[in-house]
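The values are calculated or read from the model by the stated rules, or taken from the named source; none is laboratory data. Owing to the predicted nature of the structure, the values given are computational and were not obtained by experimental measurement. Counting neighbours? That spans all protein chains shown, and the Cβs are built from the backbone with ideal geometry, glycine included.
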Amino acid sequence: MPRTGSGSQHNPPVIADGVEGAEQVDAVLELHQPPSSPPVPDDVTEIVSPLLLSLAEVLNGTPVAAVLPTSLMVEPQDRNRAAVLCALTPAAARQGWGGALVEMAPEIRRQVASRGDAALLPLRVEIPSAFKTEVVRGLAWPVPFDGDDLGALVVMGDDVESVSIGRSTLAGGFARAISAGLRVIHSQRRRERASSALLEVARTAGSTLQLEEVLSLVTENTGRLVGADRCGLWLLDKDGVTLLPSALSGMSPEFVHQWKQYPLSLETEPLSKEAIKSEKPVLVSDALNDPRTDKDAVRFFGDKTILVLPVIAKGQLQGTLYINHVAYHHRYSKGEIETAMAIANQAAIAIQNARLYREVEEWNSQLERLQAIMSKLSRSKSVSSIANIVADELRNLLRYDNCRVFVLQEDTNELVPLAVVSSSRDYWIEKLEDLQIQVGQGVTGWVAAQGVPQIVGDVERDPRAYHVPGTPVLDESMIAAPINFEGRVIGVITLSRLGLNQFTVDELRLLDVFANEAAIEFENARLYQETQKKSRELLASFHRVGDALATGLDPNQTLQIIVDLAAEMVRAKACALMLVDETDGGLVFRAARGLPIKASQTDRTPAGRGMSWQVVKEEAPKLVSDMSLVEQPYWMQQGQVEELHSYLGVPLTMRGKVIGVLSVFGNRIDQFSQADVELLSSFAHQAAIAIRNAQLFTSLQERVRELTGLAEVSQSVATLTNLDDTYRELTKSIAQLLQAESCMLLLVGEDGELIPQYPAFGFTQEELSGVKLKIVELAIRTPDPLCPIQSVDGLRVTCDGDWTRQPALVAPLRAQDRLIGAVLVSERPGSKFNEDDLRLLTILSANAAVIVQNAILYQSVDRERDELDAIISNTSDAIIIVDQENRVARINAAAEALIGWRADEVVGRGCEETLFNSLAGVPGGPKPNFSLLDVIEKRQPTPYFETVVMTKDGTERDVAASYSFVRSEARGEGLGVVIARDISKLREVDRMKSDFVSMVSHELRTPLGLIKGYASTLLNPQLSLDQPTVQRFLLGIDGAADRLARLIENVLNVSRIESGLLKISPHQVDLTHLVSVAVSTARASAKGREILLEAPRRPVKAEGDRVQLELVMDNLLGNAIKYSPMGKSIRVELHRRTAEVEVRVVDQGIGIALQHLPRVFDKFYRVEGGHSRRTPGSGLGLYICRNIIEAHGGRIWAESTLGQGSTFAFVLPHSQGSSANRPDDHALSLEPEEGISHD
Amino acid sequence: MIRSRILVVDDEPGIVDIAKANLEGHGFIVVEAYDGEDALRKVKEEKPDLVVLDILMPEMDGWDVLERIEADPELSGIPVIMLTARVSDEDVLRGLERGAVEYMTKPFYPEDLVAAVKINLHVFDPQLRQQHRKLLAEKRRRLMAARGQLA
């Protein structure tokens, strides 16, 4: 393009004319896209056109135009020219202003790029009608876009001198607005491309095994993604050096076909070498001038910017991906490169699969070819035909009834019949056809063993004869000749005739000659047969390897199969497979057979030692005929293996690199031949494929595990109900899936800060305590390369506490659009996180949010339930819950205690089976006002009722209960709830009280009756009572009044005890005296019952209240009399013990049953049974006694045998104040009871 | 006039003493017994014309004594007056059912006891006894049953 000189700048009128002329013709500006411009995409037009029109309008109709960045074009071929969009008057458009702008576009872009600001530029416009070329000037502003690829906003008719600052600012602003709009479009498109490309690659990679398909998918998607002009994929060949041109996008199929004919080498292609070596993208910005590029290719394609990506799957290099751009210094964003890398890596797996698939296919076809040859060979049956030819030809020489041709099988030392020709077709001939003869067996075997021809006149009677079972005994004669080859017997020919002595010596000689002539042919046939046999074995082995490949993808299993097959193939005594340890070059046993070696890291040979290592070093098979001549393996030196004499090791090679050694050991010196070397080598090649296949399968399995892991995270964690477990599992799973060192969950606290939750994977509790993080920004996603944290959804956090671990990924936890927390993942050792990881974390965090939310909810529900549970369990009232079907749903501990059944015995069982037997009213017992079973079955809420239940062991219990029926909305069913309280004790107290009332009334009535009776009698004037009677009556009144008083005293005592007012006035009491007085008093009312007293004569002192103790004695003696039949004696004993004084009242009365003994001292307690009805008593006496004795610090108890009598005894502490008497007391206690008084 | 013999049974000596004083004052001969066995023995030996019987006694109580008297054809003709501190309707009914002719509760007016003894001796005059005793007992029993139901 001719450059316009600076002189044109001094020609403003031309511009003015042009513009004014246009305005005169037509002042209206319209949007115009020149026909020569590449088509402007609609989305771009949509953004740019309103901006252009408004600028033109603001500038009073000055024409304006936009030169667009090339990378916005959709079609790759459009990207070499910048598109132009103008706002022009129709006249200017007609004059070709637009076309001129398109022509000028590269220059405009270059100028604004070099100036970085508004640039003055000339436009040459050819106006067809005038046949002249006008030069129009304009001023252009850069529209920054993406590096070198920028656009320009052109305002025509302006020049540097005339443009005002305001106008310049205005245009600059519009240029920036256009720039912003275009960037938005660009990033939108990129995101769309990236997602669809990733999706397609991921989908196809999993579904296709066709290499071509996978490859073209990679190039096309990558090219589409980064807007490249061309995208080429080179795959590394097995040799690890050759780069095979494999797929190319952006070119015609014919061209691609041609292109594929020229492989490259890593040695001559520095870009690929660099990319592969560094495992990082390599960028060439100026291909023409870069020393690393192939200039011919660059010129041919016209590519200026070249990006080379290494294609690596699971650490294994697959090749390189070239992304070419015709523009110089094409700018790739960081995201674009990363996404392209992600696609390449995902595709690499698919490429790997596809290549493997292709290899297996190729190998299969090789096997098929071999098989075809073998079957063809075996069909020819040339060995037998030779034998048959021999037999046929012999017929021409000698007459015979039977001819057999044997070949010696060396390994079995057997003669195998290859041809049997017989004149007769008798049934037994068939037996001979398959008959194999041992060397030395029969005449034929003898000939083979001796190598001497024989003539036999009578076969059956020959001492060497061997009669074949199942054949008839015939008169038969035969001749036999060995087939000799180079001094070895390789077979035997026999002829026989019916009848004795049928052959002549001449005939034998003829046969011998013939046999020797045929020897060469037989040897050939024999060798052929052996080869064929070996080939068959080989084929069979290959088939087995193939089977193993297909079925055993477990690496260890595969290795073992290889070892087993290798050993069988060369008939080895032992076999071992060792793999090279990458870290130190040593060899590790991975599988062995017939060796005392475990496949483990510990059984290994260090680098530089042993025969196997030499195989690795020399990358060639090694054959050792006699192992005693070389350094022996350590395990042989230990003497654990004997009889291993020869060795053969072959390298296992994968992609030109030795990865291990397959070793076989023989028990004979010089066991392995060169053929074995070849056989084992070719087997090792297949084995290497098998190993790689298994390894690949393992890594694929790993990948599958990862993906299923993702699904399992939510499943496994979702079933956890414990919050701690949930956090632990969740963080562990996330960290493992992302291969990160640590992971934690943070929950939004009350103040809005994020609080780390423990347990968190890779953190200790101490590390997390006190750490708080702040959410500093919540915005739309803004990838910020400067931010060390890659964030999902724009969530950024800063650390507030003393926390040193640097988080690398963070994602928000949102539940129902509410931020509840965040998940933080630490750096990954070894590699940085990429977009995939971020995407994975996005999905994981969405799941995690739901899981955490659920766990928290569950926990709170759980806590509430626990509280309710605790209330139900611990309440003292029995609670029985019955379900819809009247089955016991639950009973609490109090209910267990009440009914005597354990919860596990009744829960789930029908009420009528267990529980309600006991809950029903008891026959013969007090009638309950409600039957509990009735209440439950009717589901009639009953706030209060009393009933009787029977416990498991049959005891009855009175209960007060309430029943309510609770309808559960959620379960759509109801529960019956019985709350019961054991009121047996209350009932009994109640009963005892009423008994007491009637007893007291009786006890009152009796003395009252006496008083009344005596008084009435005395007052009766009709009765003339003598003086003694009157006296007696008055005493009677007195005594009865005393009884009344005592009774009242007892009742009062009870009420004192009850109210804690029982007063003991402690004094020195002489118990000897007190007991004697009580006994004397009691004797008065004993009425025929003898009362004996055993007590020391000396005073026995105790601290106590005399009146109260008298009351105790009165009560005990009164009881003894009351319950003793007439004539029985009562004994009162007073004993001095070391620390206390004991009083015993022993009767021979009716006694007390064992079960009543503990309760006789209870208030109102009276022994049940017939006797109590007849025996007066308030049931208060013993109760009072107990309280009095206990108030003295003593004990009271009862002993009894039913029917034999009872003993009531109490002890009191020694008097504290009687220290002066102690020596006497002591002396007394040593003597036998002194002064026993018997009354 | 033949003085009627009355057996008074009570484990409470005072009661026996009071009954004895009053009954003897009205010309009856009083035989004393202080427990059930003693009472039963004396009923058989003495063949009293009437028995005044307490219930609450040790060993053999008044119910047993009553039962045995009524069960013995030789003795069942002897009218028994219960004199007891047990005042419940149940006991009253029980006493009458078992053949007592009168049920008196303590405390009692000695004159009432004397009157009851006299009436019953008259009612259960040996000649009339056989015909009327059971009839009357039946009536009383019914009466008491009705009373019990009313209560």
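Within region A:1027-1081, the residues that satisfy the criterion of being in contact (Cβ under 8 Å) with a residue 24 or more places away in the chain, within 25 Å of residue A:999 (Cα to Cα) and hydrophobic (A, V, I, L, M, F, W, C) are A:1037, A:1040, A:1041, A:1044, A:1047, A:1051, A:1054, A:1057, A:1062, A:1078. Quick one: would you say residue B:139 is of a type outside the set (Phe, Trp, Tyr), within 14 Å of the chain's Cα centre (by Cα) and in a helix (DSSP H, G or I)? In short, no. Of all residues in region A:1131-1161, exactly one satisfies the criterion of being of a type in the set (Val, Ile, Thr) and within 14 Å of chain B (Cβ to nearest Cβ), namely A:1150.
Residue count for region A:951-962, restricted to those that are surrounded by fewer than 19 Cβ atoms within 10 Å (Cβ to Cβ), within 52 Å of the chain's Cα centre (by Cα) and closer than 15 Å to residue A:895 by Cβ: 3.
Within the set B:18, B:6, the sole residue that is crowded, with 24+ Cβ neighbours inside 10 Å, modelled with pLDDT of 90 or more and within 8 Å of another protein chain (Cβ to nearest Cβ) turns out to be B:18. Residues of region A:731-749 that are charged (D, E, K, R) and either modelled with pLDDT under 75 or in a helix (DSSP H, G or I) (or both): A:732 alone. The set of residues in region A:230-274 being among the hydrophobic types (A, V, I, L, M, F, W, C) and either surrounded by fewer than 20 Cβ atoms within 10 Å (Cβ to Cβ) or over 29 Å from residue A:74 (Cα atoms) (or both) consists of A:236, A:241, A:243, A:244, A:251, A:255, A:256, A:259, A:264, A:266.
Where residues in region A:1099-1129 are more than 14 Å from chain B (Cβ to nearest Cβ) and not in a helix (DSSP H, G or I), which of them is farthest from residue A:1082 (Cα to Cα)? Filtering first and then ranking leaves A:1103. For region A:632-657, a residue qualifies if it is at pLDDT below 80 and of a type in the set (A, V, I, L, M, F, W, C), and the qualifying residues are A:635, A:636, A:641, A:654. Residues considered: A:820, A:872. Of these, the only one that is out of contact with any Pro (no Cβ under 9 Å at 6 or more places or on another chain) and at pLDDT 75 or above is A:872. The set of residues in region A:1046-1098 that are in a helix (DSSP H, G or I), more than 22 Å from residue A:1184 (Cβ to Cβ) and modelled with pLDDT under 85 contains only A:1083.
Against the numbered list (1) touching a helix residue (DSSP H, G or I) at 6+ places or on another chain (Cβ under 8 Å); (2) within 14 Å of chain A (Cβ to nearest Cβ); (3) touching a residue at least 24 places away in the same chain (Cβ under 8 Å); (4) within 25 Å of residue A:1089 (Cα to Cα), residue B:38 comes up short only at (1).
Quick check on residue A:728: is it part of a helix (DSSP H, G or I), surrounded by 16 or more Cβ atoms within 10 Å (Cβ to Cβ), of a type in the set (Lys, Arg) and at pLDDT 75 or above? When the stated conditions are applied, residue A:728 passes them.
Picking from residues in region A:994-1044 that are small (Gly, Ala, Ser) and more than 8 Å from every other protein chain (Cβ to nearest Cβ), the one that is nearest to residue B:112 (Cα to Cα) is A:1015.
Residue count for region A:876-893 under the criterion of being under 14 Å from residue A:932 (Cβ atoms) and among the small types (Gly, Ala, Ser): the result is 1.
Count of region B:90-131 residues, restricted to those that are at pLDDT below 85, surrounded by 14 or more Cβ atoms within 10 Å (Cβ to Cβ) and part of a helix (DSSP H, G or I), is 2. Please tell me if residue A:857 is closer than 19 Å to residue A:746 by Cβ and in contact with a strand residue (DSSP E or B) (Cβ under 6 Å, 6 or more places away or on another chain). Spelling it out, it is not the case that residue A:857 is closer than 19 Å to residue A:746 by Cβ and in contact with a strand residue (DSSP E or B) (Cβ under 6 Å, 6 or more places away or on another chain). When restricted to residues that are under 11 Å from residue B:9 (Cβ atoms), part of a strand (DSSP E or B) and away from chain A (no Cβ under 14 Å), region B:41-81 contains 3.
Residue check: is residue A:535 within 20 Å of residue A:569 (Cβ to Cβ), at pLDDT below 70 and touching a Phe, Trp or Tyr at 6+ places or on another chain (Cβ under 8 Å)? For residue A:535, the condition - within 20 Å of residue A:569 (Cβ to Cβ), at pLDDT below 70 and touching a Phe, Trp or Tyr at 6+ places or on another chain (Cβ under 8 Å) - is not met. Among (1) over 27 Å from residue A:149 (Cα atoms); (2) at pLDDT 80 or above; (3) in contact with a strand residue (DSSP E or B) (Cβ under 9 Å, 6 or more places away or on another chain), which single condition is residue A:267 missing? If we test residue A:267 against (1) over 27 Å from residue A:149 (Cα atoms); (2) at pLDDT 80 or above; (3) in contact with a strand residue (DSSP E or B) (Cβ under 9 Å, 6 or more places away or on another chain), just (3) comes out false.
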